[in-house]
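*Asks:* Below is the structure I would like to discuss, written out as structure tokens.
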Amino acid sequence: MPTKMKLVISILLLLTISISNYAQITSNETAKIATFCKVWGFLKYYHPEVAKGTFDWDRQLIEKLPLVKTCNTKEETSRFYLEWINSLGNINICKHRTDSSSQNFTQNLNIAWINDTAIFSNELISKLNFIKDNRSKHHYYVKKHFTSPIFKEKTYKDSIFPSEGLRMVGLFRYWNIINYFFPYKYLTDNEWNDELIEMIPEFQFPEDTVAYHHAMYELVSKVNDSHASFSSKYTRLNYGNKFFPYQLSIVENKLIVIGYFKDSLCKLNGLEVGDVITQVESTPVEKLISDRAKQSPGSNESFKQRNLANSILTGKSDSIHLTVIRQNQSFTATVLRYLPKENNFKWNDRKLPNIKDLDSNIGYVNMAVLKRSQVKKVMRNLMDKKTIIFDLRCYPNGTGKKISKYLNKEKTPFSVFLTQDLTYPGMFYWSTINYCGKNKNVQYYKGNVIVLINENTQSQAEFTCMAFKTAPNVTFIGSQTAGADGNVSQITFPGGYNSYFSGIGVYYPDGTVTQRVGILPDIEVKPTIEGIRSGKDEVFEKAIEFAIRKLKNGL
């Protein structure tokens, strides 16, 4: 073998060994940091002195992080944690502590790691269990507002791209809040412990500010919650903040123009409702959707596709080049993009009427615009109809329980809340049972109730659906809802960047979950490309057809 070839092979071999060794070192360090994250969070919410805010706990993280990385054996690791814990003060034995019982919800509680003999000495394991058994009942960092948790944390508002220590404060803070206080942690796609291991390098070694902000966005997306969100000008820089002027939807697995945000802008750009966009800058739309879906937060595919359709053509440039199909003819188009304020976007911008008599037998209510003060008058006017259609493909105005007083024969439980037990972080309990309707309601509505739903039906809208489900003769028509119910809680990252998650669990009275599942229709109807081109609302039309058929059958 030539000398030159031997030299090349030797260099490649050394490089391979170096990369392998670096990967092993990095993996070991990640494991140490992951353990540190768990211990730091455990002490934050369990240790009586730490939990009541005696220490600057973020500062403790920043100071201890370099020391953790130097611990190479179980003995060194255990000694480090024991010395740290002992420096935090004495712990009094708690005579009246809360333990798990048959009434508690235990699926989110996961602190078995404190007994890991591969990492911790018997002395440290004993110490951690003593803290667990004599944990704090008073909390500085978390309180309850009604049934939802609220968190008290430093914001570090000047930290756009903070140091490694502060970046880890953000990761540790978020991971532990979800670990102990997210009611649906047990429903995430992947184990929450595994997500920590994956995200540590992303927070340790971001290339720049944009990469760091994208890491925060990616972390938030991992809770699989349609309430979960994170946005900053730096995440928008990653994808761009100039918006496509048309309303889009993914229909029959294709990207379709379904409407306009601002007519004057759309007329300048030449696309029409029903146009199918097949390529963006020579990239197939299917690939764009697949690539974005991996990092798109959401409870289910219905919600993810809704959000992807709205954001997939957002970008940095002033215009975008597309391949479009219209009436089986393919053509190319260049479409201008605009800032949000230029697009005139409005939430709940429904084209159907507010409240209307469709004929002498059928009434229609657009729940996006119905106000609480209008419920009494509207329902009295509709009580003689054979069918009432409630359109919940929107966000309602807190009218569900008032309407249910007209729909139900008697007061009926329709949901139950799952909330955090702050005396035992990670433990939850069944709390408020929610009722709708009223007792001895002789004058309740005896006709047919139809509820229209789709991926825009979210949170309060889904809560309203749960109440409507208790009415007699109710039928849901449309498609799967967003799958995120319950009040929203906030987590703040260093820099003052806020994220959100579903802060309470919402279930049917029998314990059936709605998170991620959403409300499923009795009759599934989804828009079609042909229907959109024809200007039809196929879900609404199916409701009319169904109502007429029931009337003909005397039902």
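The values are calculated or read from the model by the stated rules, or taken from the named source; none is laboratory data. What you see is a predicted model; the values in this text were computed from it and never measured. Counting neighbours? That spans all protein chains shown, and the Cβs are built from the backbone with ideal geometry, glycine included. Accessible surface is based on the protein model in full, side chains and every heavy atom, while ligands, DNA and RNA are left aside. Shrake-Rupley method; radii C 1.70, N 1.55, O 1.52, S 1.80 Å.
*Asks:* Condition check: among the basic types (Lys, Arg) and in a loop (DSSP other than H, G, I, E, B). Does Lys401 satisfy that?
*Replies:* no
*Asks:* I've got another one for you. Under 9 Å between Cβ atoms, which residue pairs at least 6 apart in sequence (or on different chains) link something in the range 529-541 that is without any contact (Cβ under 8 Å) to a residue 60 or more places away in the chain with a partner that is surrounded by fewer than 16 Cβ atoms within 10 Å (Cβ to Cβ) and not in a helix (DSSP H, G or I)?
*Replies:* Within 9 Å, the pairs are Glu530/Lys536; Lys536/Thr528; Glu538/Thr528.
*Asks:* Follow-up. Regarding Lys341, is this residue without any contact (Cβ under 8 Å) to a residue 60 or more places away in the chain, closer than 29 Å to Ser148 by Cβ and open to solvent by 70 Å² or more (accessible area, probe 1.4 Å)?
*Replies:* Answer is no for this residue.
For (1) assigned to a helix (DSSP H, G or I); (2) out of contact with any helix residue (DSSP H, G or I) (no Cβ under 7 Å at 6 or more places or on another chain); (3) of a type in the set (Gly, Ala, Ser); (4) in contact (Cβ under 8 Å) with a residue 12 or more places away in the chain, each residue gets a yes or a no:
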{"site": "Asn110", "(1), (2), (3), (4)": "no, yes, no, yes"}
{"site": "Ile114", "(1), (2), (3), (4)": "yes, no, no, yes"}
{"site": "Ile131", "(1), (2), (3), (4)": "yes, no, no, yes"}
{"site": "His138", "(1), (2), (3), (4)": "no, no, no, yes"}
{"site": "Lys144", "(1), (2), (3), (4)": "no, yes, no, yes"}
{"site": "Pro162", "(1), (2), (3), (4)": "no, yes, no, yes"}
{"site": "Val169", "(1), (2), (3), (4)": "yes, no, no, yes"}
{"site": "Ile178", "(1), (2), (3), (4)": "yes, no, no, yes"}
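*Asks:* Can you pull out every residue in the range 180-212 that is outside any helix (DSSP H, G or I) and either of a type outside the set (Phe, Trp, Tyr) or crowded, with 18+ Cβ neighbours inside 10 Å (or both)?
*Replies:* Initially, the range 180-212 is screened for residues outside any helix (DSSP H, G or I), giving 182-184, 188-191, 205-208.
Answer for the range 180-212, where residues must be outside any helix (DSSP H, G or I) and either of a type outside the set (Phe, Trp, Tyr) or crowded, with 18+ Cβ neighbours inside 10 Å (or both): Phe182, Pro183, Tyr184, Thr188, Asp189, Asn190, Glu191, Pro206, Glu207, Asp208.
*Asks:* For Gly363, indicate whether it is open to solvent by less than 20 Å² (accessible area, probe 1.4 Å) and among the small types (Gly, Ala, Ser).
*Replies:* yes
*Asks:* For Ile277, are the conditions met, namely being among the aliphatic types (A, V, I, L, M), crowded, with 21+ Cβ neighbours inside 10 Å, touching a residue at least 40 places away in the same chain (Cβ under 8 Å) and farther than 30 Å from Arg173 by Cα?
*Replies:* For Ile277, the condition - among the aliphatic types (A, V, I, L, M), crowded, with 21+ Cβ neighbours inside 10 Å, touching a residue at least 40 places away in the same chain (Cβ under 8 Å) and farther than 30 Å from Arg173 by Cα - is met.
*Asks:* In this structure, does Lys316 turn out to be under 31 Å from the mean Cα position of the chain (by Cα) and touching a residue at least 60 places away in the same chain (Cβ under 8 Å)? Show your work before the answer.
*Replies:* Numbers: under 31 Å from the mean Cα position of the chain (by Cα): yes; touching a residue at least 60 places away in the same chain (Cβ under 8 Å): yes.
In short, yes.
*Asks:* Looking only at the range 460-483, decide whether some residue is touching a Leu at 6+ places or on another chain (Cβ under 6 Å), part of a loop (DSSP other than H, G, I, E, B), closer than 28 Å to Val525 by Cβ and of a type in the set (Ser, Thr, Tyr).
*Replies:* no
*Asks:* If you don't mind, another one. Can you tell me which residues in the range 215-257 are in a strand (DSSP E or B) and over 22 Å from Asn300 (Cα atoms)? Break it down stepwise before answering.
*Replies:* Of the residues in the range 215-257, the ones in a strand (DSSP E or B) are 229-230, 242-243, 246-251, 254-257.
Within the range 215-257, Lys242, Phe243, Tyr246, Val257 qualify.
*Asks:* If a residue has to be in contact with a helix residue (DSSP H, G or I) (Cβ under 9 Å, 6 or more places away or on another chain), among the charged types (D, E, K, R) and either farther than 17 Å from Lys254 by Cβ or open to solvent by less than 40 Å² (accessible area, probe 1.4 Å) (or both) to count, how many in the range 300-332 make the cut?
*Replies:* 2
*Asks:* Further question on the same structure: Mind checking which residues of the range 278-315 are among the basic types (Lys, Arg) and modelled with pLDDT under 90?
*Replies:* Arg292, Lys294
*Asks:* Scan (1) farther than 22 Å from Gly518 by Cα; (2) open to solvent by 50 Å² or more (accessible area, probe 1.4 Å); (3) not in a loop (DSSP other than H, G, I, E, B) for the single condition Ile289 breaks and write down its number.
*Replies:* It is condition (2) that Ile289 fails.
*Asks:* Between a first residue in the range 402-430 that is closer than 30 Å to Met379 by Cβ and a second residue that is of a type in the set (Phe, Trp, Tyr) and part of a strand (DSSP E or B), which pairs have beta carbons less than 6 Å apart while being 6 or more apart in sequence or on different chains?
*Replies:* Correct list of pairs: Lys411/Tyr435; Pro413/Tyr435; Val416/Trp430; Val416/Tyr507.
*Asks:* Which condition breaks for Gln490 when tested against (1) in contact (Cβ under 8 Å) with a residue 24 or more places away in the chain; (2) on the phi < 0 side of the Ramachandran plot; (3) part of a loop (DSSP other than H, G, I, E, B); (4) open to solvent by 30 Å² or more (accessible area, probe 1.4 Å)?
*Replies:* (3)
*Asks:* Among the helices (runs of 4 or more DSSP H) lying completely within the range 46-98, list those that include at least 2 residues that are out of contact with any Asp or Glu (no Cβ under 8 Å at 6 or more places or on another chain) and either more than 24 Å from Gly426 (Cβ to Cβ) or modelled with pLDDT under 95 (or both).
*Replies:* 57-69, 74-86
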